[in-house]
1. I'd like the full set of residues that are farther than 25 Å from Val27 by Cα and of a type outside the set (Gly, Ala, Ser), limited to the stretch 142-172.
2. Only one of Gly81, Gly56, Gly105 is within 21 Å of Leu3 (Cα to Cα), without any contact (Cβ under 8 Å) to a residue 40 or more places away in the chain, touching a helix residue (DSSP H, G or I) at 6+ places or on another chain (Cβ under 9 Å) and buried (at least 16 other Cβ atoms within 10 Å of the Cβ); which?
3. Can you report the number of residues in the stretch 115-156 which are assigned to a loop (DSSP other than H, G, I, E, B), more than 23 Å from Thr98 (Cα to Cα) and more than 12 Å from the chain's Cα centre (by Cα)?
4. Residue under question is Asn66, and the condition is that it be at negative phi, modelled with pLDDT of 95 or more and crowded, with 19+ Cβ neighbours inside 10 Å; does it hold?
5. Any residue in the stretch 143-155 that's hydroxyl-bearing (Ser, Thr, Tyr): show its pairings with residues that are exposed (fewer than 14 other Cβ atoms within 10 Å of the Cβ) and modelled with pLDDT under 95 at Cβ separation under 7 Å, as long as the two are six or more apart or on different chains.
6. Quick check on the stretch 157-183: of everything there that is without any contact (Cβ under 8 Å) to a residue 60 or more places away in the chain and assigned to a helix (DSSP H, G or I), which residue is surrounded by the fewest Cβ atoms within 10 Å (Cβ to Cβ)?
Amino acid sequence: MKLVILDRDGTLNTALEDYVTSAAEWVAVPGALEAVARLNHAGWHVVVATNQPGLGRGLLDVVALNAIHAKMHRLMAAAGGRIDAVFYCPHTAEEECTCRKPAPGLLEQICERYGVEAQDVVVVGNCLSHLQAGAALGAQLHVVCTGQAAGLTPGQPLPAGWPQGCTVHASLAQCVELLLPALPTSPQPAPTPNAVA
């Protein structure tokens, strides 16, 4: 099985300074949903792993979180894609749980659910904690320069503290281009004799 574990905020949807607490605040990153659809069409399973401490802080409840994810699934389907499942940690940092990223517990649950070895999993995200969790898991690491990683640049060294071995991409769409190099591209029309280059 080919499995990608995505971060949510900043990777699939625009990250807010505070928490996304309602479906109205969930706005897709341009091109992200279509990128997931490309993965699906190539036979990849896509799962989201997200910290949701807003639940533990009482800023939203499970009903609101389900509404946010229902919107995400609906927009994803409209783009021709599918998120298999959403795994979330509801705890605050003070609770010191094993599922809150950068701890790898949430990602370990996903591997167990899907029967996939850690080294075969692709972890993609924009926030340091997501990549640290992926590194602790032993997965293949990919950073997208959106959300918290918007200041990073592909080809440039990562700041101190980021895991070794991360591949950096300008966007989720560009990450997918690398993961699916063998996918055929749409045929381009032949130029007419008087076409201007």
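The values are calculated or read from the model by the stated rules, or taken from the named source; none is laboratory data. Since this is a predicted model, take the numbers as computed values, not measurements. Neighbour counts are summed over all protein chains in view; Cβ atoms, including those assigned to glycine, are modelled from backbone coordinates with ideal geometry.
1. Correct list: Gln156, Pro157, Leu158, Pro159, Trp162, Pro163, Gln164, Cys166, Thr167.
2. Result: Gly105 is the single residue among Gly81, Gly56, Gly105 that is within 21 Å of Leu3 (Cα to Cα), without any contact (Cβ under 8 Å) to a residue 40 or more places away in the chain, touching a helix residue (DSSP H, G or I) at 6+ places or on another chain (Cβ under 9 Å) and buried (at least 16 other Cβ atoms within 10 Å of the Cβ).
3. 7
4. For Asn66, the condition - at negative phi, modelled with pLDDT of 95 or more and crowded, with 19+ Cβ neighbours inside 10 Å - is not met.
5. Every condition considered, no pair remains.
6. Within the stretch 157-183, the match that is surrounded by the fewest Cβ atoms within 10 Å (Cβ to Cβ) is Leu178.
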